[in-house]
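To start, the structure itself, in structure tokens.
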Amino acid sequence: IYMEGDKIQKILQDHQEMTLAEIKKVPQILEDPALVLKSKTRTNSLVVLGTYRAQNGKPILAAMDLRPRENGFVVDDMQKVNSAYTKKNPMAFIQKSDVVYAEKKEPLRFFGLWASQRP
């Protein structure tokens, strides 16, 4: 799994809530996710949420490409983190997404959802 340095610079520039300390948490989020969602905008992509929060108090998500393209070639043996940021309304985002994986320890409680509101 890799993330390009130029993308890290763009995240720091475009997402004021994200600092280098938050970006350094991305490997931990990927290793121990609370939720994994299907991407609604890209095939072969996932959105991974962990239990870490950014400066704005919202959960950090990492957008991953499972079959990235580099210079016109598909990279078969690696996955790419395309971005890391927070959503303004994470509950609405989760409720409108297809959940691929949910941690057994009630991760939805962390995101402000209760069992009766599961997506």
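Can you tell me the 0 to 90 degree angle between the C-alpha axis of helix 5-14 and the longest principal axis of the chain, rounded to 10? Its long axis makes an angle of about 50 degrees.
Subtracting the Cα-Cα distance from 0.36 nm times the residue separation, let me have the gained length for residue 43 to residue 69 in nm, one decimal.
Stretched out fully, the residue 43 to residue 69 stretch lengthens by 8.1 nm.
Scalar couplings 3J(HN,Hα) for segment 57-73, obtained by applying the Karplus form with A = 6.51, B = -1.76, C = 1.60 to θ = phi - 60°, are x, 9, x, 7, 10, 10, 9, 10, 9, 7, 9, x, 10, 10, 6, x, 10 Hz; x denotes Gly and Pro.
Read-outs: derived from the displayed coordinates by stated rules, not from any lab. What you see is a predicted model, and the numbers here were worked out from it, not measured in a lab.
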